[in-house]
1. Can you tell me which condition A:Ala156 does not meet? The list is (1) in contact with an Asp or Glu (Cβ under 9 Å, 6 or more places away or on another chain); (2) under 24 Å from A:Leu184 (Cα atoms), and all the others hold.
2. Read through the list (1) away from every other protein chain (no Cβ under 14 Å); (2) buried (at least 24 other Cβ atoms within 10 Å of the Cβ), then give the number of the only condition that B:Thr153 fails.
3. Among the residues of region A:321-332, count how many are touching a Pro at 6+ places or on another chain (Cβ under 9 Å) and facing chain B (nearest Cβ under 7 Å).
4. So which of A:Glu311, A:Glu305, A:Glu340 is in contact with a helix residue (DSSP H, G or I) (Cβ under 8 Å, 6 or more places away or on another chain), more than 13 Å from chain B (Cβ to nearest Cβ) and among the acidic types (Asp, Glu)?
5. It is to be established whether one or more residues within region B:247-268 are more than 10 Å from chain A (Cβ to nearest Cβ), part of a helix (DSSP H, G or I) and either on the phi > 0 side of the Ramachandran plot or crowded, with 24+ Cβ neighbours inside 10 Å (or both).
6. So for region A:162-172 (the condition being of a type in the set (Ser, Thr, Tyr), more than 8 Å from every other protein chain (Cβ to nearest Cβ) and either under 19 Å from B:Pro203 (Cβ atoms) or in a loop (DSSP other than H, G, I, E, B) (or both)), does at least one residue qualify?
7. In region A:173-216, which residues are more than 7 Å from chain B (Cβ to nearest Cβ), over 15 Å from the mean Cα position of the chain (by Cα) and within 17 Å of B:Ala207 (Cβ to Cβ)?
There are 2 protein chains.
Amino acid sequence: MSTDSNADTDADDESTSNCGSSANRGSSSAANCGGASDPNDDANESSSKCGASSSSSSPSSSTCGASSASKSESVDEKVGATADEFEADPGQLIAVGLGPGHPEGMTDRAKTALLEAEHIVGYTTYIDLIPDEITESADELYDTPMCGEVSRTEEAIDRTLAGNDVAIVGSGDPNVYALAGLALEILESKGATASMVDFEVVPGVPAAQSCGARLGAPLVNDTVSISLSDHLVPMPEIESRLHAAAKESFTIAIYNPWSRKRRDNFEKCCEILLAHRDPDTPVGIVHGAGREDERVLLTELSELEALGEDEIVDMTTTIIVGNEETYVWDDRMVTPRGYETKYDY
Amino acid sequence: MSTDSNADTDADDESTSNCGSSANRGSSSAANCGGASDPNDDANESSSKCGASSSSSSPSSSTCGASSASKSESVDEKVGATADEFEADPGQLIAVGLGPGHPEGMTDRAKTALLEAEHIVGYTTYIDLIPDEITESADELYDTPMCGEVSRTEEAIDRTLAGNDVAIVGSGDPNVYALAGLALEILESKGATASMVDFEVVPGVPAAQSCGARLGAPLVNDTVSISLSDHLVPMPEIESRLHAAAKESFTIAIYNPWSRKRRDNFEKCCEILLAHRDPDTPVGIVHGAGREDERVLLTELSELEALGEDEIVDMTTTIIVGNEETYVWDDRMVTPRGYETKYDY
């Protein structure tokens, strides 16, 4: 797939695609975890069916990429097991936000949490963002390519219930279009509790903030964040939110603006924004903020739709739409906070 | 004043109060900066007039707390000077977000930026959040108590134009109700440019994310952040934004919910939210996230207004209002992302 997952996103569009199964790259080959994958099963990566899309309707019989690839002898529990099927005392589960995607953007708390975790679980791209000295200190890494956030999260929980201290990671913040909520929902479905696994969320710098910083100061007043992915939210609802936000003087951070499967959403979004805001409203586009392929473009709202066909707009892009007072000065996007109404400077 | 400034806020309500002037606590007493304060003038702290409120209408003759307390012999430029009045080559200006308020919540990039800065400028409470090993490495600290964000920011810029590498700090993120924009606006008013001072914003974890993490996963879907301070934004505009957000299924992060000077805004906000959302809508209140006086309370929307009289709600508090799907489970606030509509788990 050409699309990557955005900071803060957990690959909204991933879940219906066929992706490879998980690869277990950890240093320990005798994992004490529920439904572990085969540490040596890399060959399976590009051919097996995505765990998420093949997940069956019964929580106790799901066959995610991870568990279907499992050959580990030490595993008693299946993915999909309920909490009372695990005999060990549960470990700790921490959802860690990595921030923008370079090690300097991580907080100390995030680093410590990852260093203390026995298992680190995440989407392959996110795991690759973690500094080697951290991943090398983990007993096990469990990563899956762009699919299966449900099975991956369940895997993290099963490993925790089996007695391991587990960190589940994502870029950005675990609360922004990310896995903190799914982890709690799956814990509940397994008859476990957040307290049982001492569940903790370690916040990270969200993509909107990383992109805002790169652009200057576009977000210093009231702001809305909206995802254009209709994988989990119906498009009419997204459209209604866009109308509401654009009518008021919110600045707007748009996540997941484009994928090959739903280019219409982006066009519709541009249309709605133009119905309420001037064509020359400043718009900042940041692709891959903080990563090697970072690209920044300042444009105007009237030009935005055409840029949907440009490589700068994909799932790793966050778009910041100014309000009626936002202006561009010296290549920076500035939304006045209102000081100029009170002070002379 | 009993109110402190919130993470991500730059003390919206501070600017009309009379506060002490600045104190210069740096190790160097011969500062090369525009309009430096007296390093030894601590006695003046609680009696002089706030720089911001006394700021005159002429940029070149303002008498902020800092400059009015100045006795430094090495200073040629006044606060209010334009860029071409400075003879030195400008230094670098970095707006640094400290995150929630404990050192572990800072990013490495923020720490490096502060360690590299010659001068660190900020509101006293924020400067106090910085680890000693960082503040001790700076040539100068310039902090002012709860007032004067305009004069403080101007001071930072003058010090930069005078040739120093300066970091201006705030908790949370510099783009969230904070000083990144004001810094650019003042740079422009002085005839300087962002490029001239190599202006950079170092993002931090915003208060909404710190509070969201503390509460569980309340913000994993589309979210609005709204400040209730009408110091810089007229209250009718804030009310209109609240209506728009509450009508749609946004989760809402409320910043600056309450101050003694404007308790009516909080009441009005609760009234608007209740006009659109059920009385039992979950609400999470986090006071002083990540600080020593942190307090967390889960409640319902119908109880919120009465809590305005409780100490938990003040300017250091962020309030997270759930959408119609948000629920509380095992003392965690969860907003479903929508996975349950696609997957069985």
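1. The single condition A:Ala156 does not satisfy is (1).
2. (1) is the only condition that B:Thr153 fails.
3. Adding up the residues that qualify gives 1.
4. Matching residue, one of A:Glu311, A:Glu305, A:Glu340: A:Glu305.
5. no
6. Scanning region A:162-172, I find at least one residue that is of a type in the set (Ser, Thr, Tyr), more than 8 Å from every other protein chain (Cβ to nearest Cβ) and either under 19 Å from B:Pro203 (Cβ atoms) or in a loop (DSSP other than H, G, I, E, B) (or both), so the answer is yes.
7. Selection gives nothing.
One line per residue, one yes/no per condition, for (1) farther than 17 Å from A:Glu248 by Cβ; (2) under 27 Å from the mean Cα position of the chain (by Cα):
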residue: A:Arg263; (1), (2): yes, yes
residue: A:His276; (1), (2): no, no
residue: A:Arg291; (1), (2): yes, yes
residue: A:Arg295; (1), (2): yes, yes
residue: A:Val321; (1), (2): no, yes
residue: A:Glu324; (1), (2): no, no
residue: A:Val328; (1), (2): yes, no
residue: A:Gly338; (1), (2): no, no
residue: A:Asp344; (1), (2): yes, no
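The values are calculated or read from the model by the stated rules, or taken from the named source; none is laboratory data. Computed from a predicted structure; not experimentally measured. Using ideal geometry, Cβ is built from the backbone for each residue, glycine included, and neighbour counts are taken over all protein chains shown.
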